[in-house]
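See below for the structure under consideration.
The values are calculated or read from the model by the stated rules, or taken from the named source; none is laboratory data. If you're wondering where the values come from, they're calculated on a predicted model, not measured in any experiment. Cβ atoms come from the backbone with ideal geometry, glycine included; neighbour counts cover every protein chain shown. SASA here: full protein model, heavy atoms, side chains in, ligands and nucleic acids out. Shrake-Rupley method; radii C 1.70, N 1.55, O 1.52, S 1.80 Å.
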Amino acid sequence: MSSSSDVVVLGAGVVGLSVARRLAATGARVTVLDAVDPGGRGSRAAAGVAIPSVRLYDDPAMLAFSRAGRATLAEDLASLPEGPLLRRGQGILRIAADAKGRDALAERATRHPDELGTWVDAARLVELEPALEGTPLLGAFETAHGHMVDTEGYVNALLGAAMRAGVRVRLGESARSVEETAEGVSLRTDRETLRADQLIVSAGPWSSTFPGLPPLPLKPVRGQMLVVHQPGMSLTRVISGPTYLAPWRAGEIVVGATEEEVGFVENVTPAGLLHLSATVAKLAPRLREARFVRAWAGLRAVTPDGRPYIGRYPGTRRTFVATGLGGQGILTGAHAATVLAELVTGGRAELAAPFEPGR
């Protein structure tokens, strides 16, 4: 048994669903496959912190990419019927424990003061976020440019939008092998053989695991997160440092995330929980007796130089890839999809030049 499409997309996360609905809007017949049901394993596991990492300040291309991602995400949330319900909180407090940390942040952001914001001392910090009372922090840089996204709701909304656009979504179906031919791309799945003119690989850290495609220098990095709740105590902003605290559902607070190179291992560990619990105890002493709600882990896709892969899959003619967004996947996923859709349809290749997979 076999069927055909113009484009097959591997991965039903933010990138895969976003590029699928953009291509479907041009009239393309698009099929999305994901090995798990409900799909979007990596995207759904993300906490949803939609703020650019300070690490990006050192890379102008990545900072520009994150800014474009912020704008595209805002457009996405505005266009989805569920969009207004998918945002949590507003603003960022980039914390500093001491003067050395404050000065290091300020120096790193010398060329981008608008990204860092305005310095507030510890007293003002507690006024802004009473949950931080008793914190040993010196203060923080405050900006309104950031929020949380309900990742589960976002992926579900994108799934609905893609299906309304005519995308065929097949969840719980794996691509067992990929073969390029003179006529197109042939994919053998658990159920049948699919044929397409073009293939897009957007399966997060699993993007380099499909038989028939050359391996990419891509590694999974595990992030563990936990959620706590204390009645009458919540956050309205993302408290951003080496780890973060941020507003979650129904007044809860999410704490994350670890960065662990452990392969494709997604389980929560005592060591990870200890690290996150220590973050709560140190930054927000009033939350030391908060009720533990849940913990989970997810995998990010990370490249050697920290820039994503967006473009033609190396060693192929009809296959494209968008992966390696690291901890910026929710912030930049929709924009990565926009760039890739441009490439697939023969549009502006210069947008993807800094992220060429063959670099």
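Of the residues G232, G212, G272, G223, which single one is touching a strand residue (DSSP E or B) at 6+ places or on another chain (Cβ under 6 Å) and open to solvent by 10 Å² or more (accessible area, probe 1.4 Å)? None of the other options fit; the residue is G212.
Would you confirm whether or not region 7-24 contains a residue that is surrounded by fewer than 20 Cβ atoms within 10 Å (Cβ to Cβ) and touching a helix residue (DSSP H, G or I) at 6+ places or on another chain (Cβ under 9 Å)? No: zero hits.
Just checking, does region 298-312 include any residue being over 27 Å from S66 (Cβ atoms) and either modelled with pLDDT of 95 or more or more than 21 Å from the chain's Cα centre (by Cα) (or both)? Spell out how you get there, then give the answer.
Of the residues in region 298-312, the ones over 27 Å from S66 (Cβ atoms) are none.
No, region 298-312 has no match at all.
Let's see how each residue does on (1) in contact (Cβ under 8 Å) with a residue 60 or more places away in the chain; (2) in contact with a Lys or Arg (Cβ under 7 Å, 6 or more places away or on another chain); (3) at positive phi:
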| position | (1), (2), (3) |
| --- | --- |
| A71 | yes, no, no |
| D103 | no, no, no |
| A106 | no, no, no |
| T110 | no, no, no |
| V126 | no, no, no |
| H147 | yes, yes, no |
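Does region 65-85 hold any residues that are outside any helix (DSSP H, G or I) and open to solvent by 10 Å² or more (accessible area, probe 1.4 Å), and which are they?
Filtering region 65-85 down to residues outside any helix (DSSP H, G or I) leaves 80-82.
Across region 65-85, the qualifying residues are P81, E82.
Go through T303, T332 for me and flag whichever is open to solvent by less than 10 Å² (accessible area, probe 1.4 Å), farther than 30 Å from S186 by Cβ and touching a residue at least 24 places away in the same chain (Cβ under 8 Å). Working first, answer last.
Values: T303 fails: farther than 30 Å from S186 by Cβ.
Going through T303, T332 in turn, the sole match is T332.
As a summary of the residue check, E180 satisfies the conditions (1) open to solvent by less than 20 Å² (accessible area, probe 1.4 Å); (2) farther than 25 Å from S240 by Cβ except for the one numbered (1).
Yes/no matrix, rows are residues, columns are (1) touching a Ser or Thr at 6+ places or on another chain (Cβ under 8 Å); (2) assigned to a helix (DSSP H, G or I); (3) not hydrophobic (A, V, I, L, M, F, W, C):
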{"residue": "L159", "(1), (2), (3)": "no, yes, no"}
{"residue": "R170", "(1), (2), (3)": "yes, no, yes"}
{"residue": "V178", "(1), (2), (3)": "yes, no, no"}
{"residue": "L187", "(1), (2), (3)": "yes, no, no"}
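Scanning region 101-135 for residues that are open to solvent by 80 Å² or more (accessible area, probe 1.4 Å) and either hydrophobic (A, V, I, L, M, F, W, C) or assigned to a loop (DSSP other than H, G, I, E, B) (or both) yields T110, R111, E133.
Step by step: first the residues of region 212-237, then only those that are hydrophobic (A, V, I, L, M, F, W, C) and part of a loop (DSSP other than H, G, I, E, B), then the one that is farthest from R249 (Cα to Cα). Which residue is that?
Looking only at region 212-237, we keep the residues that are hydrophobic (A, V, I, L, M, F, W, C), and these are 213, 216, 218, 221, 225-228, 233, 235.
After this cut, where a residue has to be part of a loop (DSSP other than H, G, I, E, B) as well, the list is 213, 216, 218, 235.
Details: L213: 40, L216: 37, L218: 32, L235: 11 Å.
Residue satisfying both the conditions and the ranking: L213.
Residues in region 25-64 that are assigned to a helix (DSSP H, G or I) and open to solvent by less than 10 Å² (accessible area, probe 1.4 Å): Y57, L63.
Mind listing whichever residues of region 245-269 are among the hydroxyl-bearing types (S, T, Y) and surrounded by fewer than 17 Cβ atoms within 10 Å (Cβ to Cβ)? Don't jump to the end; show me each part of the working.
Of region 245-269, the ones among the hydroxyl-bearing types (S, T, Y) are 258, 269.
Result: T269, single match.
Restricting the search to strands (runs of 3 or more DSSP E) fully inside region 256-359 and requiring at least 2 residues that are under 20 Å from Q198 (Cβ atoms) gives 309-312, 319-323.
Counting only residues that are under 22 Å from W248 (Cβ atoms) and of a type in the set (A, V, I, L, M), how many does region 82-128 have? Summing the residues that are under 22 Å from W248 (Cβ atoms) and of a type in the set (A, V, I, L, M) in region 82-128 gives 8.
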